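To start, the structure under review is shown below, and the notes come after it.
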Number of protein chains: 2
Amino acid sequence: MVELHDVPETHVLAIASHVTSGYVGNTMATFCMQTLGCEVSAIHTVNYSNHVGYRRFKGRKSNPEEIADLYAGLKDARLDKFDMMLSGYCPSAAVVEQVGKIARELRTRASTKPGSFFWVLDPVMGDNGRIYVAEDTVPVYKSLLKDADLILPNQFEAELLSEVRIHDLATMKQAIAKIHQAHKTPHVIITSIRLPPTAVNTPTTADEDLSTTAKLSIIGSTATSDMKPRLFRITVPVMPVFFSGTGDMFASLMVSRLRQAATAADVVNKANWRSPDEVAGPDLPLAKATEKVLASMHAVLKDTARYYGEATDSLERRRQSTQLNEGTGAEAHEEQDAVRHLQVTRAAEVRVVRNVGALRDPPDATEFQAQPVAVEVEGEVASE
Amino acid sequence: MVELHDVPETHVLAIASHVTSGYVGNTMATFCMQTLGCEVSAIHTVNYSNHVGYRRFKGRKSNPEEIADLYAGLKDARLDKFDMMLSGYCPSAAVVEQVGKIARELRTRASTKPGSFFWVLDPVMGDNGRIYVAEDTVPVYKSLLKDADLILPNQFEAELLSEVRIHDLATMKQAIAKIHQAHKTPHVIITSIRLPPTAVNTPTTADEDLSTTAKLSIIGSTATSDMKPRLFRITVPVMPVFFSGTGDMFASLMVSRLRQAATAADVVNKANWRSPDEVAGPDLPLAKATEKVLASMHAVLKDTARYYGEATDSLERRRQSTQLNEGTGAEAHEEQDAVRHLQVTRAAEVRVVRNVGALRDPPDATEFQAQPVAVEVEGEVASE
């Protein structure tokens, strides 16, 4: 079996949620990174029985003091030498601040050795136009962008951070340019963008509709030395089901694959792993890493979708044979619906442990090759 | 790569400690079981920065209410259907009681379907003659033995549970017989026994010294239908270094490999996965599973010992070049010793994530083949 000799041994501090059952947050990220050979030190921001999408869960949130305490323990025991940090969901603005404090401390200590610390920040705030964290986390995330190396917002989070409303490729580029220039983040990937496939390689007008097709785009950029965007884009088929934890899966696989790609491109000792200006978007280590990550994810999610289909078919057959009578009370019907929701949600848990092979050896990735993004923006870059 | 088609998909509830850095408790067990394709639901009994062997650590213990709450969350969300449970270190007698309550509930619910729930209990209490948990946990562990399917005490813990002082093979057999008969535990493996290699296959006298050789014995037994021991023994070379977490590694690999072996032997639908009486000790699924587990562990620990040797050599060279002056205060010398202890302890962390191959495909295990244990015990079985 492949022993990952080409994936460098990487010590990662992972700060995100923990669930007992299922795969989101650190529960997803830790396994994915460990499977790719990373030494993962996990600090949990919440400790729940399962993810909240089930609508029933128990457990508790960590407070910032607990997170600070565990980190202080690592320092005392000299276990705080990390090559990378991955941070995800935080239950409060105070926890986001604490996470930022840790990242800044690690960055400051690494400042004499360029490239020796790299922070991947997933600014988990919301999706599809809705904020699902406390509103006061948004300004805290903004204040952290200058310290992060790579951020992974979805389309809505990118809008919150850039204050640019994204409705076409031109505004997408504007948002990324703003993050590079105003917030000084060198690498950005915007995940989960719905764009018409015809827009690839062709200039797009401002009013082109982004939400009509079943293709999902991932657009990334590593800033040039004068903080201009250098874009690439990969289009993937949309899965028919919503799978929780895929953002954490993307982020964690990205950690391993980006260090691998940056090592191969010999930029791992350069500040922020920034590639020379002559490297085009689709040739960036960021693009190469994204290709591998998406190939792995597509294989795992295809298997999950197959399993989900079988499980929900069997649930449907059982439901039909145990239909409640029409006379049964509303409460019993409600409970039946709630139970069905629990079962369907469980069937959608990503089948990550049964697909270690696809994580370690991503199948042929030609389908997910990074493409250039040609888009004209008036005046080239949006002003503040 | 091997896709583990022969390791059945197993849902495991794992209750043990969590550390941010390093590999003990659930941090070790979760990864090992996931790597073998198990769906692991982890509830943490403590949440520390690192294991206490470093002598510096921070974090907090869970209280029994937190553990009960997470389990209640799983029940509410219908995520409490487990094939197996693995329980390890508990920070108090109250937590041991809570863990027992959960196991009994799962066992009761599974009682209509023999073999559908299997509890592996690692009664973590102490080692080498010293109890390192609160003394009041010992009677609680004793009271749980009747509900466990397999227990994994070390030699000292077996003495505590059986109240038989073990000093040779005969007393070892007495202790196991007592656990089978008085406590009704069907499967027992006593780990880490130092026995002279000449004792294999030959009757041993009561006063034979067990602690003079660099070989370690693992002795296991599955009770016959009349609760008589059915012993097997595997001898392994002793590693030159103490590696923390190896007990958790053994227990967690055992979970996967035992279900695989019990499935292959077609006893997985029998109560407690008990083999028919005609199956000899070395042919038990328990013995077959132990062989695979030890082969994997030996490969991983050999790699860890190699890494440890390199790391400590390099630390030694650095120490010699930065020797403190004789005039330096005692405090500075003490701190230097403490730091060296931290570094050496870290170097001894088991290199589990870089050895996924050895976990999934154990190398040739002929070296670790289970042997019969021939030992005459006066009156055959010790009385209470």
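The values are calculated or read from the model by the stated rules, or taken from the named source; none is laboratory data. Since the model is a prediction, treat every value here as computed from it, not as a measurement. Don't worry about glycine lacking a Cβ; one is built from the backbone with ideal geometry, like all the others, and counts go over all protein chains shown.
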How about the stretch B:344-370: which of its residues are within 12 Å of chain A (Cβ to nearest Cβ) and polar (S, T, N, Q)?
B:Thr345, B:Asn355
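Taking the stated definitions as given, is B:Ala68 farther than 30 Å from B:Gln336 by Cα, of a type in the set (A, V, I, L, M), surrounded by fewer than 23 Cβ atoms within 10 Å (Cβ to Cβ) and more than 8 Å from every other protein chain (Cβ to nearest Cβ)?
yes
Could you identify the single residue in B:Asn50, B:Asn26 that is in contact with a Ser or Thr (Cβ under 9 Å, 6 or more places away or on another chain) and without any contact (Cβ under 8 Å) to a residue 40 or more places away in the chain? Give the derivation first.
Details: B:Asn26 fails: without any contact (Cβ under 8 Å) to a residue 40 or more places away in the chain.
Only one candidate passes the filter, namely B:Asn50.
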Only one of B:Asp266, B:Asp337 is on the phi > 0 side of the Ramachandran plot and either modelled with pLDDT of 95 or more or not hydrophobic (A, V, I, L, M, F, W, C) (or both). Can you tell me which?
B:Asp266
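Residues are listed down the side, and each one gets a yes or a no for (1) crowded, with 17+ Cβ neighbours inside 10 Å; (2) farther than 15 Å from A:Glu291 by Cα:
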| residue | (1), (2) |
| --- | --- |
| A:Leu216 | yes, no |
| A:Thr224 | yes, yes |
| A:Pro240 | no, yes |
| A:Phe243 | yes, yes |
| A:Val255 | yes, no |
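Is it true that A:Ala94 is crowded, with 24+ Cβ neighbours inside 10 Å and either more than 10 Å from every other protein chain (Cβ to nearest Cβ) or closer than 21 Å to A:Ser252 by Cβ (or both)?
Numbers: crowded, with 24+ Cβ neighbours inside 10 Å: no; either more than 10 Å from every other protein chain (Cβ to nearest Cβ) or closer than 21 Å to A:Ser252 by Cβ (or both): yes.
Taking the combined requirement at face value, the residue does not satisfy it.
Could we say that B:Arg56 is surrounded by fewer than 24 Cβ atoms within 10 Å (Cβ to Cβ), in contact (Cβ under 8 Å) with a residue 60 or more places away in the chain and facing chain A (nearest Cβ under 8 Å) here?
Numbers: surrounded by fewer than 24 Cβ atoms within 10 Å (Cβ to Cβ): yes; in contact (Cβ under 8 Å) with a residue 60 or more places away in the chain: yes; facing chain A (nearest Cβ under 8 Å): yes.
Taking the combined requirement at face value, the residue satisfies it.
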Hey, does the stretch A:317-325 have a residue that's surrounded by fewer than 21 Cβ atoms within 10 Å (Cβ to Cβ), away from chain B (no Cβ under 14 Å) and of a type in the set (A, V, I, L, M)?
yes
If you go through A:Ala182, A:Ala175, the only one that is at pLDDT 90 or above, buried (at least 16 other Cβ atoms within 10 Å of the Cβ) and either in a loop (DSSP other than H, G, I, E, B) or under 21 Å from the mean Cα position of the chain (by Cα) (or both) is A:Ala175
Residue set A:Ser17, A:Ser62; condition small (Gly, Ala, Ser), under 24 Å from A:Thr304 (Cβ atoms) and more than 7 Å from chain B (Cβ to nearest Cβ); output residue A:Ser17
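Which residue, of A:Thr290, A:Thr222, A:Thr263, is within 21 Å of A:Trp119 (Cα to Cα) and touching a Lys or Arg at 6+ places or on another chain (Cβ under 6 Å)? Break it down into steps so the answer makes sense when it comes.
Details: A:Thr290 fails: touching a Lys or Arg at 6+ places or on another chain (Cβ under 6 Å); A:Thr263 fails: touching a Lys or Arg at 6+ places or on another chain (Cβ under 6 Å).
Being within 21 Å of A:Trp119 (Cα to Cα) and touching a Lys or Arg at 6+ places or on another chain (Cβ under 6 Å) holds for just one of A:Thr290, A:Thr222, A:Thr263, which is A:Thr222.
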Of B:Gly22, B:Gly59, B:Gly37, B:Gly73, which residue is of a type outside the set (Phe, Trp, Tyr) and at pLDDT below 95?
B:Gly37
When residues of the stretch A:348-384 are limited to those that are crowded, with 16+ Cβ neighbours inside 10 Å and farther than 24 Å from A:Ala295 by Cβ, the one modelled with the lowest pLDDT
A:Ala382
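Would you confirm, using the coordinates I've provided, whether A:Asp80 is surrounded by fewer than 23 Cβ atoms within 10 Å (Cβ to Cβ) and at the interface with another protein chain (Cβ under 7 Å from one of its Cβ atoms)? Reasoning before the result, please.
On the way: surrounded by fewer than 23 Cβ atoms within 10 Å (Cβ to Cβ): yes; at the interface with another protein chain (Cβ under 7 Å from one of its Cβ atoms): no.
So A:Asp80 fails the test.
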Which residue pairs have Cβ atoms under 8 Å apart, sit 6 or more places apart or on different chains, and have a first residue in the stretch A:288-305 that is of a type in the set (Asp, Glu) and a second that is in a helix (DSSP H, G or I) and surrounded by fewer than 24 Cβ atoms within 10 Å (Cβ to Cβ)?
A:Glu291/A:Phe368; A:Asp303/A:Arg354; A:Asp303/A:Asn355; A:Asp303/A:Ala358
Of A:His298, A:His341, which residue is away from chain B (no Cβ under 14 Å) and either out of contact with any Lys or Arg (no Cβ under 7 Å at 6 or more places or on another chain) or not basic (Lys, Arg) (or both)?
A:His298
Which condition from (1) away from chain A (no Cβ under 14 Å); (2) surrounded by 15 or more Cβ atoms within 10 Å (Cβ to Cβ); (3) of a type in the set (A, V, I, L, M, F, W, C) is the one that B:Ile131 breaks?
(2)
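Take the residues of the stretch A:260-308 that are part of a helix (DSSP H, G or I) and of a type in the set (Ser, Thr, Tyr): which is farthest from A:Ser192 (Cα to Cα)? Break it down stepwise before answering.
Of all residues in the stretch A:260-308, those part of a helix (DSSP H, G or I) come to A:260-264, A:271-273, A:281-283, A:285-308.
From what's left, of a type in the set (Ser, Thr, Tyr): A:263, A:290, A:296, A:304, A:307-308.
On the way: A:Thr263: 27, A:Thr290: 13, A:Ser296: 16, A:Thr304: 19, A:Tyr307: 23, A:Tyr308: 21 Å.
Selected residue: A:Thr263.
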